[in-house]
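Visitor: Quick one: the structure is below, and I'll ask about it shortly.
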Amino acid sequence: MAASDAPNGDVLIRNAFGSVLAFLILLLIGVLAFSIRLFSVIKYESVIHEFDPYFNYRVTQFLTKNGIYDFWNWFDDRTWYPLGRVIGGTVYPGLTLTAGTLYWFLHSLNIPLSVETVCVFTAPIFSAFASWATYLLTKEIKGVGAGLTAAALLAMVPSYISRSVAGSYDNEAVAIFALIFTFYLYIKTLNTGSLFYATLNSLSYFYMVCSWGGYTFIINLIPMHVLLCIVTGRYSSRLYIAYAPLVILGTLLAALVPVVGFNAVMTSEHFASFLVFIIIHVVALVYYIKGILSPKMFKVALALVVSIGLAVCCAMVAVIIALVASSPTKGWSGRSLSLLDPTYASKYIPIIASVSEHQPPTWPSYFMDINVLAFLIPAGIIACFSPLSDASLFAVLYIVLSVYFSGVMVRLMLVLAPAACILSGIALSQAFDVFTRSIKFQLPSLSDHSHIDARDASSEKVVLDDTIKTDKNEDTPKERMTKRSKKKEKEPVEKPPTKFQIKKRLSVLPFEASIIAVILLVLLVAFYVVHCVWAAAEAYSAPSIVLTSHSNDGLHVFDDFREAYAWLSHNTDVDDKVASWWDYGYQTTAMANRTVIVDNNTWNNTHIATVGTAMSSPEKAAWEIFHSLDVKYVLVVFGGLVGYPSDDINKFLWMVRIGGGVFPHIKEPDYLRDGQYRIDSMATPTMLNCLMYKLSYYRFVETDGKAFDRVRRTEIGKKYFKLTHFEEVFTTHHWMVRIYKLKPPKNRIRGKNKKSKSKTSSTTTSKRKGTRRNPF
Amino acid sequence: MSKKLIVLFLGLVPLLCTCFSPDTPSDRRVLVLLDDFAIKSSHSIFFNNLKSRGFDLDFKLADDPTISLQRYGQYLYDALILFSPTIERFGGSIDAAAILDFVDSGHDLIVAANGNASDLIREIATECGVDFDEDSSALVIDHSGYAVSATEGDHTLIASDDFIKSDVILGSEKIKAPVLFQGIGHSLNPSNSLVLKVLSASPSAYSANPKSKLTSPPSLTGTSMSLVSVVQARNNARILISGSLSMFSNRFFRSDVQKAGSPTKHDKSGNEQFVTELSKWVFHERGHLKAVNVKHHKVGEVDEPAIYRINDDLEYSVEIYEWSGKTWEPYVANDVQVQFYMMSPYVLKTLSTDNKGYYFTAFKVPDVYGVFQFKVEYERLGYTSLSLSKQIPVRPFRHNEYERFIPAAYPYYGAAFSMMAGFFIFTAVHLYHK
Amino acid sequence: MARSTSKDAQDLFRALWSAYSATPTNLKIIDLYVMYAVFTALIQVVYMAMVGSFPFNSFLSGVLSCVGTAVLAVCLRIQVNKENKEFKDLAPERAFADFVLCNLVLHLVIMNFLG
């Protein structure tokens, strides 16, 4: 290997060797990023996970079957019955188009992978891309060493893994790559001042806009950075070139995406960029005039230009404020408003607040999701300040903003993760830099060099071998990862010295302290790696469509969801409508191919409220609501038998709230006993008579004779009852999904003559016809 | 007897294949359950009338242990006549639930009760929405509307002429003579939309035991009391419930009638005409509609599209026929309406007709997208209810269906193109200058 | 006070003018081009204010095409300006090629968005 040549001091070969090594390491990081996300496929199977991915999967199927124009104009009549949904105009097409392109590309190469396989593996592939983009970005900020470290950290940061395991086919999977890559191109443009990169930057921004609603983060972060640069007196022509074309081209390109459209110029999330666009022009003009005038004349000019410029700015600000104030929600959409005011959503929009990923995170979730990086971030910030460049300023701003946003919404932890990785990468790399330099200055330099290089090369080889073997043993990957990360930390060790040796830095630490510090750092990183592997293998690989549980008598697999959807698709008519709470809408359309009333898109609050009202109403009223929507089947998810906590009974209060928000006769206090939500014998009669309770607990007492609910850990309040308007048609093996059919209206209407046994039913049925009403 | 049964059964075998179908809704095989065979002769006019109209009557004693309505899951009969008011338990496999299932699967039923109707008959009636007077010994008494008769000085024989005003149910020919009725009255739940009072009691009638003195106010009085009612179930099965079995008897058919206080004396009571017309309705010889050939397409096209676009012009047509007992005749009406419905009707149009059963209209799809339905809900007194719905999605414009080249936008087009031209000129100048 | 201000302003403009006349001709051409673009944009905004913003996409693409052209030209001007030391190592030909690429992308998008 070239290692033996290196000590000869041939700088050229050393550099060549360094870049080859860096390339190899990047390749391995890519493999690592891809393979660490395959735990879900290995432990479970190659399935699409959760809820939203099922929709994306269905859309991708449509795209690959019907082509891009039909996809663009797709009016979906199988969801949101009877309103339908214009898919082409309400979906971020980036992910779908990416997977579709991948699929077509593979098929043109005669690799006949199914759409599902492509979808399952899109996320891991893009996380490899994302780690490479991280490398590029960090390299622009702090050099190759930091870049490699950051890329390795990102490849296995749990927060990102949680959204990009194989099968988690969601927008974020590709969006994080687009996000980092856009930032990279921005920094690259900033560093080079090349219009070429500026163009690429806007195209990359376009891809981001296509992929995820989180693009507003970019279009707010970059103007903030520009403003910060201007305020701190770091304005340069490069800044102008990096920013101005991005705003114009980016806005135009964003407006091309149907789901964004005119929002790109009409909503206030984008106004910051226009404001800064004006400011940067004023500043550019000022700098220009300053450049061509003598300092004396400039002082005179300054007074004039600045006052005029300020006046113009004030006018603009006034206009913008007027525009914003005139729009009903003050121009901010609900999700963005809840960013600025965390209490906004829970106060006004229960449908946003009801989603768990819109809740603020707890402290343990930080430790869970970014682990030791949380402690390295401050060090990274400090490293960024010495010396401070435009790029490192950007990194600092990025981390500060993303920490704030992640504190508001769990979901945005995902935006924090790359920032944390970049800064931790910088911190780690700098720390190793300092320590190993200290070690090196106190050792005979030549022998040490060859020693390290040789060892590195050999460890490299070992890693390669290991990867090729792809040992599925639980221990080996851990070990392998540890080794690789060790090597990674060492890698920056050996390159910066070539640069710094000449400069003869004075900051030399004691030899022993350096050694100990290096060991401690390696331990820290090893701990991180172990945590990441654990998170990838245990915490985040469950597909949530198939559940497992370990108990004394072995592993239990709960495949009830697919059982229920398969039942629906085989036993019901193609045009039958299935009502369920909106969480299961995407899955029902994708897996059972049946029309649903509401789904996870949640674009029409009234419609969801109608379903919520039906679920919280007594049987008869619910029957009428469902009947008016042509519903044939009602699907409820019930976890009381096996202890599956996220079932419909636990979500029920949200149904009441959302329903009550539109139909005021549903009142939340009616369902609570002294402010407590309970389903035992102390529950309120309204609760015990509502449809959700009845459908969940119908015949439940027949299972164990006591009707003990394992989720709520109590015996239910009303055990023996009959359904009058619904009939049970299917209950899955573990009772997790129960499907009911609406009974048709009675063929005859009974008279009133007393027949003691059926007295009650006669009164209800004879009244039914007269009181039928439309809930709208 | 048993041999005869077998022969009868063999005779029925070919008929089994043609059970009640929407194409020929008339009933052909009728089971008649009697208290005793005397009724067969005492009501022979009614039965012969049915036979002459092509019905196959199978007379059985109600407690005959061999009777059954269905065999191997197939119903053996298309209709059932219960002339057994006193039966407490049917023989064979029949009970109240079996009879109601018979109705719920689309078959017709005639029930006649009388003064001492059994609980079983009452229960069947109640299940169909008819509540007989609970006092088992009560009869309908009318001291001013009774039939003047030489033999019976009793005011329980009523001459009633308070018919339902429906040509569909009672035929187009007016029933001139009053109908003789002797039996029990019943009440209907006013909110029950399926049951109709065909023959009401007069305002002075009440229901009580004629033999005992009236101690408390009678529970059923006046016009709210019904003597004969019909039910049309949601599946269009038809039921006739009469409080009087003797209404169908030869004696009442032939009897002359004079209503008390009325100077005219009719030679013949209206019973025969009334019962015959009513039985025609019950056995679907009248008032049975069917709708076929629901078609819709864009104006100028023939094929039915899978999806419409907003603001499309479309044509809708449907053919409606009425069963005449032998053939399907075109149904003529001017009040058939179609809705274009999504949670509420967006378009409501009365269909034009060519008087040959063909109904059509044309309208514009509203400017709303969603999953719509063409709905025809036709419910008229006496007719079977027509409820057609056909689902059709309506999509918004495609991306290339919007207006283009708007004149107001020409300056913008000009500006954009001038910028492109400017770019070329500038490129040339810039390069040349260098 | 006002007198001195206007005198200052006069001095200023004179100084500005003299400084500006020293700029090379190719930069002046770019400036002319920028002025043309900005002027066209202003005309469109005025037109929109009079007629209303109905074909909003056309308006947007019209104005943004002008603003975009101007911005890109300014970028080019910054890069080819020989006095600007930041871009010493960037060849003017390279800068111009980038500029052309950028413009092509811009106008493609505009064409897409115009109709």
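No value in this document is a laboratory result; all are computed from the given coordinates. The structure presented is a predicted model; accordingly, all values stated were derived computationally and were not measured. Reconstructed Cβ throughout: ideal geometry from the backbone, glycine too, with neighbour counts over all protein chains shown.
Visitor: Loop only per DSSP, at most 16 neighbouring Cβ atoms within 10 Å: give me the GluC sites (Glu not before Pro) in region B:82-190, ordered by residue number.
Guide: B:Glu88, B:Glu134, B:Glu152, B:Glu173
Visitor: At 20 angstrom or more along the helix axis (alpha-carbon based) and mean Kyte-Doolittle of 1.0 or higher, what helices does chain C contain? Whole DSSP H runs only.
Guide: Values: long enough: C:2-21 (28 Å, -0.59); C:25-51 (39 Å, 1.49); C:56-80 (35 Å, 1.58); C:92-114 (32 Å, 1.27).
Both cut-offs are met by C:25-51, C:56-80, C:92-114.
Visitor: Just want the ordering: B:Ser224, A:Ser194, from fewest to most Cβ atoms lying within 10 Å of their own Cβ. Don't skip to the answer; put the middle values down first.
Guide: Working: B:Ser224 14, A:Ser194 21.
Ascending number of Cβ neighbours within 10 Å: B:Ser224, A:Ser194.
Visitor: So, in nm, how far is label A:Val317 from label A:Arg713 when the simple model puts each one 7 Å beyond its Cα toward the Cβ?
Guide: Inter-label distance under the simple model: 5.5 nm.
Visitor: Compute the distribution of all C-alpha to C-alpha distances in the protein assembly as shown, in bins of 20 Å from 0, and list the percent of pairs in each, rounded to whole numbers.
Guide: 9, 27, 28, 18, 12, 6, 1, 0
Visitor: Still on this structure, I have one more. Set Lys and Arg Cβ to +1 and Asp and Glu Cβ to -1, take the dipole of chain B about its Cα centre, and tell me which of B:Ser279, B:Leu314, B:Gln182 lies farthest positive.
Guide: B:Leu314
Visitor: Normalised by the empirical 2.2 N^0.38 Å for globular proteins, what value does the Cα Rg of region B:129-199 take?
Guide: Values: Rg = 14.0 Å, N = 71, 2.2 N^0.38 = 11.1 Å.
Taking N as the residue count of region B:129-199, the ratio is 1.26.
Visitor: Counting only C-alpha contacts under 8 Å and six or more residues apart, can you give the relative contact order of chain B as a whole percent? Write out the running numbers ahead of the final one.
Guide: Numbers: 891 pairs, mean separation 52.6, N = 434.
This gives 12 percent for chain B.
Visitor: With the crude spin-label approximation of a point 7 Å out along Cα→Cβ, what separation in nm comes out for A:Val259 versus A:Ile42?
Guide: Computed distance between label sites A:Val259 and A:Ile42 equals 3.3 nm.
Visitor: Same structure, new question: How do B:Cys128, A:Cys532 rank when sorted from fewest to most other Cβ atoms within 10 Å of their own Cβ?
Guide: Working: B:Cys128 28, A:Cys532 24.
Result, fewest neighbours first: A:Cys532, B:Cys128.
Visitor: How many nm separate the modelled label positions at C:Thr25 and B:Ala98, each set 7 Å beyond the Cα in the direction of the Cβ?
Guide: 11.4
Visitor: For A:Thr117 and A:Ser681 in one chain, what is 0.36 nm times their gap in residues minus the Cα-Cα distance, to one decimal in nm? Walk me through the intermediate numbers first.
Guide: On the way: separation 564, 0.36 × 564 = 203.04 nm, distance 4.87 nm.
Extra length available between A:Thr117 and A:Ser681 comes to 198.2 nm.
Visitor: Now for a separate question. Within the P(r) computed for region A:557-742, what percentage of the Cα pairs occupies the region above 27 Å? Don't skip to the answer; put the middle values down first.
Guide: Details: 3500 of 17205 pairs.
Roughly 20 percent, once rounded to a whole number.
Visitor: Hey, could you grab the Kirkwood Rh for chain B? Inverse mean 1/r over distinct alpha carbon pairs, Å, one decimal. Show your work: numbers first, answer last.
Guide: Details: mean 1/r = 0.0391 Å⁻¹.
Kirkwood hydrodynamic radius for chain B: 25.5 Å.
Visitor: Moving on. Starting from the Cα of A:Lys299, draw a straight line to each of the aspartates and glutamates and keep only those under 16 Å, dropping any in the same chain fewer than 8 residues away.
Guide: C:Asp8, C:Asp11
Visitor: In the structure displayed, which of A:Lys667/A:Lys706; B:Lys213/B:Lys259; A:Lys741/B:Lys375; A:Lys694/A:Lys741 lie more than 21 Å apart, Cα to Cα?
Guide: Values: A:Lys667/A:Lys706 30 Å; B:Lys213/B:Lys259 25 Å; A:Lys741/B:Lys375 23 Å; A:Lys694/A:Lys741 13 Å.
A:Lys667/A:Lys706; B:Lys213/B:Lys259; A:Lys741/B:Lys375, as the Cα separations exceed 21 Å there.
Visitor: Measure up B:Lys211/B:Lys265; B:Lys326/B:Lys390; B:Lys349/B:Lys390; A:Lys577/B:Lys390 against 19 Å on the Cα-Cα distance and list the ones that go over.
Guide: Pairs exceeding 19 Å: B:Lys211/B:Lys265; B:Lys326/B:Lys390.
Visitor: For region C:24-114, with equal point scatterers placed on the C-alpha atoms only and solvent neglected, what are the log10 I(q)/I(0) values from the Debye formula at q = 0.12, 0.16, 0.18, 0.19 1/Å, to two decimals?
Guide: For region C:24-114 at q = 0.12, 0.16, 0.18, 0.19 Å⁻¹, log10 I(q)/I(0) is -0.44, -0.70, -0.82, -0.88.
Visitor: Relative contact order for region A:584-687 using alpha-carbon pairs under 8 Å, separation at least 6, rounded to a whole percent? Can you show the working numbers first?
Guide: Numbers: 104 pairs, mean separation 23.1, N = 104.
Value for region A:584-687: 22 percent.
Visitor: Can I ask one more? Let me know the whole percent of all Cα-Cα pairs from region A:110-153 that are separated by more than 16 Å. Numbers along the way, then the final one.
Guide: Numbers: 452 of 946 pairs.
Tail of the P(r) past 16 Å holds 48 percent of the pairs.
Visitor: Do any trypsin sites (Lys or Arg not before Pro) in region A:702-749 lie in a loop, going by DSSP, with at most 14 other beta-carbon atoms within 10 Å of their beta carbon, and if so which?
Guide: Values: sites: A:Lys706, A:Arg710, A:Arg712, A:Arg713, A:Lys718, A:Lys719, A:Lys722, A:Arg738, A:Lys741, A:Lys746, A:Arg748; in loops: A:Lys706, A:Arg710, A:Arg712, A:Arg713, A:Lys718, A:Lys719, A:Lys722, A:Lys746, A:Arg748.
The qualifying sites are A:Lys706, A:Arg710, A:Arg713, A:Lys722.
Visitor: Using 31 Å as the Cα-Cα cut-off, could you pick out the over-long pairs in A:Lys746/B:Lys40; B:Lys40/B:Lys197; A:Lys65/A:Lys188; B:Lys60/B:Lys290; A:Lys620/B:Lys364? Each step should come with its number before you reach the end.
Guide: Details: A:Lys746/B:Lys40 35 Å; B:Lys40/B:Lys197 27 Å; A:Lys65/A:Lys188 39 Å; B:Lys60/B:Lys290 34 Å; A:Lys620/B:Lys364 37 Å.
Beyond 31 Å between Cα atoms: A:Lys746/B:Lys40; A:Lys65/A:Lys188; B:Lys60/B:Lys290; A:Lys620/B:Lys364.
Visitor: Continuing with the same structure: Go ahead and run the numbers for FRET between A:Leu12 and A:Trp363, Cβ-Cβ distance against an R0 of 41 Å, rounding to 0.05.
Guide: Working from the Cβ atoms, E equals 0.20.
Visitor: A further question on this structure: Using Cα positions and a limit of under 14 Å, work out the aspartates and glutamates in reach of A:Lys722, with same-chain residues fewer than 8 apart set aside.
Guide: Qualifying aspartates and glutamates at Cα under 14 Å: A:Glu619, A:Glu702.
Visitor: Continuing with the same structure: Rounded to the nearest 0.05, what FRET efficiency do B:Lys356 and B:Asp135 give with R0 = 56 Å and r taken as the Cβ-Cβ distance? Could you check? All intermediate terms of the calculation are to be shown ahead of the outcome.
Guide: Values: r = 54 Å, r/R0 = 0.96.
My answer for the efficiency is 0.55.
Visitor: Another one. Which one of C:Phe54, C:Phe99, C:Phe13 has the biggest mean-square fluctuation once chain C is modelled by GNM with Cα springs under 10 Å?
Guide: Maximum fluctuation in the GNM of chain C, among the listed residues, is at C:Phe13.
Visitor: Chymotrypsin sites (Phe, Trp or Tyr not before Pro) within region A:174-204: which are DSSP loop residues with at most 16 other Cβ atoms inside 10 Å?
Guide: Working: sites: A:Phe177, A:Phe181, A:Phe183, A:Tyr184, A:Tyr186, A:Phe196, A:Tyr197; in loops: none.
Listed in order of number, the matching sites amount to none.
Visitor: Suppose R0 equals 51 Å; then what is the FRET efficiency for A:Glu702 and B:Thr66 from their Cβ-Cβ distance, rounded to the nearest 0.05?
Guide: Values: r = 40 Å, r/R0 = 0.78.
That gives a FRET efficiency of 0.80.
Visitor: Extension gain B:Ser52-B:Val429, at 0.36 nm per residue separation less the Cα-Cα distance, in nm? Please report the intermediate quantities before stating the final value.
Guide: On the way: separation 377, 0.36 × 377 = 135.72 nm, distance 10.61 nm.
Here the answer is 125.1 nm.
Visitor: Quick check on region A:204-331: what are the equivalent-ellipsoid semi-axes from the Cα gyration tensor, as sqrt(5λ), descending, whole Å?
Guide: Working: eigenvalues 185, 65, 21 Å².
For region A:204-331, the ellipsoid semi-axes come out as 30, 18, 10 Å.
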